[in-house]
1. Of the residues E263, E284, E210, which is open to solvent by 10 Å² or more (accessible area, probe 1.4 Å), over 18 Å from the mean Cα position of the chain (by Cα), free of Cβ contacts under 8 Å to residues at least 60 places away in the same chain and farther than 23 Å from R362 by Cα?
2. Evaluate segment 229-237: report whether one residue or more is in contact with a strand residue (DSSP E or B) (Cβ under 7 Å, 6 or more places away or on another chain) and more than 24 Å from S356 (Cβ to Cβ).
3. Out of A36, A8, which single residue is modelled with pLDDT under 95 and open to solvent by 20 Å² or more (accessible area, probe 1.4 Å)?
4. If you check E366, E386, E373, which single one turns out to be acidic (D, E), open to solvent by 20 Å² or more (accessible area, probe 1.4 Å) and in contact with a Ser or Thr (Cβ under 8 Å, 6 or more places away or on another chain)?
5. Conditions: (1) free of Cβ contacts under 8 Å to residues at least 24 places away in the same chain; (2) farther than 25 Å from N33 by Cβ. E366 meets all but one. Number of the miss?
6. Which number in (1) at pLDDT below 95; (2) crowded, with 20+ Cβ neighbours inside 10 Å marks the one condition that Y148 misses?
7. Out of L236, L247, L225, which single residue is open to solvent by less than 60 Å² (accessible area, probe 1.4 Å) and within 15 Å of A290 (Cα to Cα)?
8. Tell me, yes or no, whether segment 177-194 has at least one residue that is within 18 Å of P317 (Cα to Cα) and either modelled with pLDDT under 95 or open to solvent by less than 10 Å² (accessible area, probe 1.4 Å) (or both).
Amino acid sequence: MSVQPVLAAPLVSADASPIHLAIVSETYPPEINGVANTMRYLAEGLARRGHRVHLVRPRQPCDQGGTASAPIELHLVPGLPIPGYRGLRFGLPVYWRLRRLWHRTRPQLVYIATQGPLGHAALSAARALRIPAITGFHTQFHQYSRHYGLGLLTQPIVESLRHFHNRSAATLVPTPDLQAELTAAGFLNVGVFGRGVDIVRFSPDWRDAELRRSWGCDAQTPVVLYVGRIAAEKNLDLARAAFQSILEVRPDARFVLVGDGPELAALRRDFPAFVCPGAKVGAELSAHYASGDLFLFPSLTETFGNVVTEAMASGLPVIAFDYAAAHAHIRSWENGVTLPVGDDDGFCAASRELVSDPPRLRRMGESARATAEGISWDKVLGGFEERLRAVIRRAGATEASHAGMAETR
């Protein structure tokens, strides 16, 4: 069964004129991560709404030509693998190539999603051509540094990010909380670009009894699920501790961890009873989500956490710390559970309590699905359109002002 993202036919806002937008991202499907998926929804969604979208990204080893479900102009640039992140690449700083490209075919606006070498080159090229540019804050690089022995670099990383983002016309973040945090840290013109969820791709309809049997589970076995990178920054020690608490009340429970990462081999070696199928995409990912019963998400390094809303859309209550997507969409003990950041004991206790009450678990899963049905990508994209138009109008007014001043000299 082939499922495409839920993106409506072309829509128009009060200003119906199409926007010519260049999107620059160093990650994009088939790479597997939240930023890549968000960029796909953004690029294809805007194209479906009638805008001209020009995507600049690194060439990937698996590129086999166009696979987009909407008309997108694609410009591939050279890239290299990211050390320690198998399957991901960063783009080379092709400043002059972008200047020539955008000089020939000038976009009205550039959206830069990533802060790697390609992103820096794109911002410099846009500024040189006086094309307005906005940036996205999609990854907590300064938080990640603490999990890789680089804690001393946290402040320099923040300063570097601030310098990069403040050279753009605006920085977009997924939540009001992160907007406030970055504003307090000296980031300028920070706005909110929220996230939607695809309620067809992620749905209880994908539940697969045969898949559950392959995990050694019947209809009554509680399946605890995690989806994401198997890496230090995801705080998986707490997920394991929570699952041990669950085994105290349901010794038949199974823990399924879907994803790839630097700790996957050690996880398989040290916890052979866990089901670790690796990374999944498409229909396989949909089935893995929907075939679980409870989603544990102990990460403390998310800018949003798309897996939270994907799990909710799949009919799973989520236990997570109270920030990012969980703070935005979970009503604690109604459609999931949120705990104060750092409350590890509460995280374990909530996991144990919820699994010990199957009827409550099912009701909360149904409520999670209902919540997800109200998170529309069309609504999110409509707000993003208005943000783009405001930046374009402001840039046009600034150019007109500069032109007027030049004529009076």
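The values are calculated or read from the model by the stated rules, or taken from the named source; none is laboratory data. Model, not experiment: these values are computed from the prediction. Note that we place each Cβ from the backbone using ideal geometry, even for glycine, and neighbour counts take in every protein chain shown. Heads up: the accessible areas ignore ligands, DNA and RNA and are worked out on the full protein's heavy atoms, side chains in. Shrake-Rupley method; radii C 1.70, N 1.55, O 1.52, S 1.80 Å.
1. After applying the criteria, what remains is E263.
2. yes
3. None of the other options fit; the residue is A8.
4. When all the criteria are applied, what remains is E386.
5. With respect to (1) free of Cβ contacts under 8 Å to residues at least 24 places away in the same chain; (2) farther than 25 Å from N33 by Cβ, E366 is out only on (1).
6. Y148 satisfies all of (1) at pLDDT below 95; (2) crowded, with 20+ Cβ neighbours inside 10 Å except (2).
7. None of the others qualify; the one that does is L225.
8. No, there is no match, as no residue in segment 177-194 is within 18 Å of P317 (Cα to Cα) and either modelled with pLDDT under 95 or open to solvent by less than 10 Å² (accessible area, probe 1.4 Å) (or both).
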